[in-house]
Amino acid sequence: VPIKLGERKARIDRLRDVMGNSNVTVSERFRQVIEAYQIELDYGSKISAYQESINVEGTDITVDLFNLGRTALIALSLDQKSAWMWDNSARSWVELGGEYLESSIAAVRMARKQLPVNLVKLPITAAE
């Protein structure tokens, strides 16, 4: 799931640089690897919202992204008129129907602590 993909790629690049640097102690290398694993682990359990650009059918769109751990990644257009869900099996964004629009707006606002946490209707893909 492409949660904060730019940050994650940059972190891997930094780790590769550290691993190839003979001036960095083994204990520091180990600490940085553990720190990277901890950050990745946190992605699986946290709820967050942030702005990023996504590509939908060849068009780059700036959206508010909401992630519910690694369970759901929802993109909401800045005008709040369209929403998409990341389909991990297809590796692409799928437009959501209107029945999920209000819930997507509420989810982003809850993640930003602008609304109290409550139940929302979101499309969740069941594990097979």
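Since every read-out is calculated from the coordinates, none of them should be taken as a lab result. All figures in this text were calculated on a predicted structure; none of them were measured in a lab. Positions of Cβ are generated from backbone atoms using ideal geometry, with glycine treated the same way; all protein chains shown enter the neighbour counts.
Brief remarks follow.
- Taking the criterion of being among the small types (Gly, Ala, Ser), part of a strand (DSSP E or B) and loosely packed, with under 15 Cβ neighbours inside 10 Å, the only residue of region 31-83 that qualifies is Ser53.
- Within region 84-107, tally of residues that are assigned to a helix (DSSP H, G or I) and under 12 Å from Ala72 (Cβ atoms): 4
- Residue check, Ile34 within 30 Å of Met19 (Cα to Cα), touching a residue at least 24 places away in the same chain (Cβ under 8 Å) and more than 12 Å from the chain's Cα centre (by Cα): no
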